[in-house]
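Accompanying notes for the structure given below.
Each reported figure results from applying straightforward, stated rules to the coordinates on display, with no laboratory input. Bear in mind that the values here come from a model prediction, so they are computed numbers and not experimental data.
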């Protein structure tokens, strides 16, 4: 699990916050926690009222860079809706990647 966390954080250096042009890691907008055995990446937008499409885009980029890790949005007015959508995407990605083509 520790290796997953390190590679995930390395990959997140390439995720740029669109309003500032700076990495979400450099801005300190990412929190890493654990829920049981599961790693959780929480993204905190620069503003509670950032355009929703930008927040959703960052969440999807985090999913892309970190694989099956749970992604959450915090301190945002639409966090519940976006978190539900990110979980649906995560589950679908897990379902697709678990299928093997023979």
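Which label belongs to the value computed from this structure, given these candidates for P(r) over Cα pairs in 5 Å bins from 0, in percent: [x] 2, 9, 10, 10, 15, 19, 16, 10, 5, 3, 1, 0; [y] 3, 14, 27, 28, 19, 8, 1; [z] 2, 13, 24, 25, 20, 10, 4, 1, 1, 0? Entry [z]. Convex hull volume per residue, computed on the Cα atoms of segment 40-80, equals 59 Å³.
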